[in-house]
1. Being farther than 22 Å from residue 13 by Cα and part of a loop (DSSP other than H, G, I, E, B), is that true of even one residue in the stretch 64-84?
2. Which residues, counting only those in the stretch 100-140, are over 16 Å from residue 73 (Cβ atoms), assigned to a helix (DSSP H, G or I) and among the aliphatic types (A, V, I, L, M)?
3. Out of the residues in the stretch 142-187 that are charged (D, E, K, R) and not in a helix (DSSP H, G or I), which is modelled with the lowest pLDDT?
4. Is one or more of the residues making up the stretch 111-123 aromatic (Phe, Trp, Tyr), touching a helix residue (DSSP H, G or I) at 6+ places or on another chain (Cβ under 6 Å), farther than 23 Å from residue 44 by Cβ and surrounded by 18 or more Cβ atoms within 10 Å (Cβ to Cβ)?
5. Would you mind stating whether residue 71 is among the hydrophobic types (A, V, I, L, M, F, W, C), touching a helix residue (DSSP H, G or I) at 6+ places or on another chain (Cβ under 8 Å) and free of Cβ contacts under 8 Å to residues at least 60 places away in the same chain?
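The values are calculated or read from the model by the stated rules, or taken from the named source; none is laboratory data. These numbers were taken from a predicted model, which means no experiment stands behind them. Every residue, glycine as well, gets a Cβ built from its backbone with ideal geometry; the counts of neighbours run over all protein chains shown.
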Amino acid sequence: MRPWFGWTRRGIVKYIAQPHWREWRRIILHHTFKPSLADWARNPNGGYWMNAIDRYHRLKGWKGIGYHFVIMPDGLIFIGRGLNEVGAHTVGQNDKAIGVCLLGNFDEEIVEEAQWISMKYLLAFLLHRFGLQTAHIFFHRQFADKTCPGKRFILNDIRLVVAKTLPDAIQRYEEILYEEILKEGKT
């Protein structure tokens with residue numbers, strides 16, 4: 001089993017800001033369906049669920065977890081595939097789209113507040129870092145006969161929430177990077 005580490009927004013910004021050579025054109029939002037929030041309540045361990053998702057994706061013949069990011073109900077963000085790697089999350093889109101997944105079944109469950117906050121900031125950080133607009137956020141169901149990321153999610157609402165979050169996210173992104181430069185003594 002691989003050790004997985006959940007990141008706060010600070011850690012994710014530091015990761016996203018690193019040089020990445022791949023040109024991303026969109027972000028596709030997913031939900032796990034299984035495991036659900038009920039499963040999480042029985043075992044609130046992000047590393048456990050990352051290993052479960054990784055095992056499931058390997059059984060499908062993939063080289064490992066197909067999403068670039070998985071957001072747990074407690075708001076921690078886990079890195080799946082690296083941002084220089086092609087994902088395995090949406091047929092026909094993997095080479096051009098970052099896959100972001102929320103743990104839960106959002107056909108039936110309601111996203112946790114901490115998860116929602118991490119999602120909107122992660123999406124805003126990614127848009128800012130890769131020069132994308134909110135129109136570049138898509139749902140998995142737009143490319144496949146699925147309900148993913150869940151019937152409770154409405155694309156225009158997500159885009160609007162991320163657009164409203166973007167100014168604060170950009171400010172936080174720049175502040176975090178500036179603080180990291182100061183820590184390293186590179187002023």
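1. yes
2. Passing the criteria: 123, 124, 126, 127, 135.
3. This residue is 186.
4. We begin by selecting, within the stretch 111-123, every residue aromatic (Phe, Trp, Tyr); these are 116, 121.
Subset that is touching a helix residue (DSSP H, G or I) at 6+ places or on another chain (Cβ under 6 Å): 121.
Filter once more, so that each one left must be farther than 23 Å from residue 44 by Cβ: none.
Taking every residue of the stretch 111-123 in turn, none turns out to be aromatic (Phe, Trp, Tyr), touching a helix residue (DSSP H, G or I) at 6+ places or on another chain (Cβ under 6 Å), farther than 23 Å from residue 44 by Cβ and surrounded by 18 or more Cβ atoms within 10 Å (Cβ to Cβ).
5. Values: among the hydrophobic types (A, V, I, L, M, F, W, C): yes; touching a helix residue (DSSP H, G or I) at 6+ places or on another chain (Cβ under 8 Å): yes; free of Cβ contacts under 8 Å to residues at least 60 places away in the same chain: yes.
For residue 71, the condition - among the hydrophobic types (A, V, I, L, M, F, W, C), touching a helix residue (DSSP H, G or I) at 6+ places or on another chain (Cβ under 8 Å) and free of Cβ contacts under 8 Å to residues at least 60 places away in the same chain - is met.
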